[in-house]
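The values are calculated or read from the model by the stated rules, or taken from the named source; none is laboratory data. Keep in mind the model is a prediction, meaning the values are calculated, not measured. Counting neighbours? That spans all protein chains shown, and the Cβs are built from the backbone with ideal geometry, glycine included. Side chains are part of the model used for accessible areas, which takes the heavy atoms of the whole protein and leaves out ligands, DNA and RNA. Shrake-Rupley method; radii C 1.70, N 1.55, O 1.52, S 1.80 Å.
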Amino acid sequence: MKLPSLPKKKADRRKFLSFVALTAGVLVLLWWRLGSLLPGFNHTELVTSRAPLGLHDLYNHPLYLPLKLVQTIVFHLFPDHGLLLTRLPATVFGGLAILAFAYVLRQWHGGRTAAFATLLFATSAWTLHSSRLASFDVLYLWALPTLLLAHLTMQRRSQSAYVFYGSMLLWGVCLYIPGLVWFVLLSMYLQRKAIATGWKHLEAAWQKALYVLAGLIWLPVLLHDLVKHSADLRLWLGLPDHFAAPLTLLKHFVAVPVHLFVRGPQYPENWLGRAPILDIFSLMICALGIYFYLRHWRASRSRLLGGYFILGFILVGIGGAVSLSLLVPLLYLVAATGIAYLLHDWLQTFPLNPIARGLGVGLVAAAVVLSCNYNLRAYFVAWPHNETTQATFRYRP
């Protein structure tokens, strides 16, 4: 396998401008009033702002490594970090989650559907809550879009050295996020043919050794932590300290779809009352997407998303460290399929009528705008002015 050279041709102007516009929009969305929207820290953020971070801490407490590493850099550069800089590292992973989400949808459904669904996901109140608070929750929002991006690129370009090595490095990073070991194993199993193909194209022994090293290099620090802190083993596996009684556990599992589709969880630090996670438009197109995948359940993509959802459902339901943020991107990926399915049927019905075709696309665009407006107002207006929210974010830096 040869290492690819840098591209000699300039990137397509339209794609480049779209990427720049998306990145700029994501930065504005995640950074606007980041340090002033709320009066202070919640308790988790206060602990984060005062946590000892550095190489010693990363070595002895490496779980949640990706976010801790960015926090270490930011807090080292700015020792007197306040609200803005304490929350800044989380926005990095929130932004990466949105960009990965957009890339995956671009490859699956094309630019128009990707634009509509990315707007819905990026402006989702849950995405904003997870991305703009100093907590480990954002790593779960980032995880599955990034693993799907790696899966997609491995399926299409397993012979590329950058993709082949990069996927292994990504899996190694994900091992440091509690509960994700199961998704790494599932990803490796689903991509076993692509891995075998890529391995066959490694031309030299040093390339094969480098690939093995890319996987093994993550293990010593992780094993050191799990041996030294035996309690971290259950956390790393995504298991609770103690399993609840069977009836209570059943209620926890029932609560997962209720929180996703009916009303959100009562977490004042990152949600508004009992408002549903999905607004009415997102819920309808998500149901349409679920219907589509159930009709085509034998397709590889259906099994991929279904496997991720079932595994995530179990981990969230048993009450371990894994949060609902793991499943939310999957809902919006399925909603994107609902949009694609809806537009496909409409445009097939009117293949030659430009007015009808434009009307169909315009109605979907209008619904997306209304949905975005609803979520933005829920996050930037209703939530920070809620009395419970004000009482929760009462700690001063």
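Return the long-range amide H neighbours of Y395 (sequence gap of 5 or more, or a different chain), with a cut-off of under 5 Å between placed amide H atoms.
F41
Any idea how far apart M188 and L169 come out in nm if each label point goes 7 Å out from Cα toward Cβ?
Calculated label separation equals 1.8 nm.
Could you tell me how far the Cα centroid of the stretch 146-217 sits from the Cα centroid of the stretch 318-397, in Å?
Each part reduced to its Cα centre gives a spacing of 32 Å.
Tell me the per residue accessible area of the stretch 279-397 using a 1.4 Å probe; a whole number in Å² is fine. Intermediate values should be presented prior to the final figure.
On the way: 6020 Å² over 119 residues.
Heavy-atom SASA per residue in the stretch 279-397 reads 51 Å².
Test of understanding: in a Gaussian network model of the chain with alpha carbons linked when under 10 Å, which of D225, D345, D241 would top the mean-square fluctuation ranking?
Comparing D225, D345, D241 in the GNM, the peak value goes to D345.
Which whole-Hz ³J(HN,Hα) couplings does the stretch 21-35 yield from phi under the Karplus relation 6.51 cos²θ - 1.76 cosθ + 1.60, θ = phi - 60°, glycine and proline marked x?
5, 5, 4, 4, x, 5, 4, 4, 5, 8, 9, 5, 6, 4, x
Could you compute the net charge surrounding T392? Neighbours are other residues with a C-beta less than 14 Å from the C-beta of T392; K and R count +1, D and E count -1.
It works out to a net charge of -1.
With the contact rule set at Cα under 8 Å and sequence spacing of 6 or more, what percent relative contact order holds for the stretch 141-252?
On the way: 73 pairs, mean separation 33.6, N = 112.
Relative contact order of the stretch 141-252: 30 percent.
Using a 1.4 angstrom probe on heavy atoms only, work out the carbon and sulfur share of the accessible area of the chain in %.
Of the solvent-accessible surface of the chain, carbon and sulfur hold 68 percent.
If you average the sequence gap of Cα pairs under 8 Å that are 6 or more apart and divide by the length of the stretch 248-306, what percent do you get for the contact order? Could you put the intermediate results ahead of the total?
Working: 34 pairs, mean separation 11.4, N = 59.
Worked out over the stretch 248-306, it gives 19 percent.
For the stretch 124-233, what does the accessible surface come to per residue with a 1.4 Å probe? Please give it in Å². It would help to have the intermediate numbers written out before the result.
On the way: 4560 Å² over 110 residues.
For the stretch 124-233, the solvent-accessible area averages 41 Å² per residue.
For the chain, set up a Gaussian network in which alpha carbons nearer than 10 Å are linked by springs, and say which option among L46, L247, L324 fluctuates the most.
L247
Report the label-to-label distance for R14 and V70 in nanometres (one decimal), using points 7 Å from each Cα along the Cα→Cβ vector.
3.1 nm
Grab the beta carbon distance between Y395 and L210, set R0 = 41 Å, and tell me the FRET efficiency rounded to 0.05. Provide the component values of the computation, followed by the final result.
Numbers: r = 47 Å, r/R0 = 1.13.
Step by step, r from the Cβ atoms, then E = 0.30.
Could you check the spin-label model distance between R234 and M284? Points 7 Å from the Cα along Cα→Cβ, value in nm.
4.6 nm
Mean-square fluctuation check for the chain, GNM, Cα pairs under 10 Å: which of T337, T197, T91 is largest?
T197
For n ≥ 4 DSSP H runs only, could you compute -39500 (n - 2.57) per run for the chain, divide by its residues and tell me the 222 nm figure to the nearest 500?
Working: 20 runs with 277 residues, N = 397.
My calculation for the chain gives -22500 deg cm²/dmol from helical runs alone.
Can you run phi through the Karplus equation (6.51, -1.76, 1.60; θ = phi - 60°) for the stretch 331-343 and list ³J(HN,Hα) in whole Hz, with x for Gly and Pro?
4, 6, 5, 5, 4, 4, 5, x, 5, 4, 5, 4, 5
Assuming R0 = 22 Å, what is the FRET efficiency of T197 and S302, from their Cβ-Cβ distance, to the nearest 0.05?
Values: r = 23 Å, r/R0 = 1.03.
According to the calculation, E is roughly 0.45.
Exposed loop trypsin sites (Lys or Arg not before Pro) only (DSSP loop, at most 15 other Cβ atoms within 10 Å): please give the longest stretch of the chain free of them, not including the sites.
Numbers: sites that count: K2, K8, K9, K10, R33, R263, R274, R298, R394.
Between exposed loop sites, the widest span is 34-262.
When only C-alpha pairs under 8 Å and at least 6 residues apart count, what is the relative contact order of the stretch 33-129, in percent?
25 percent
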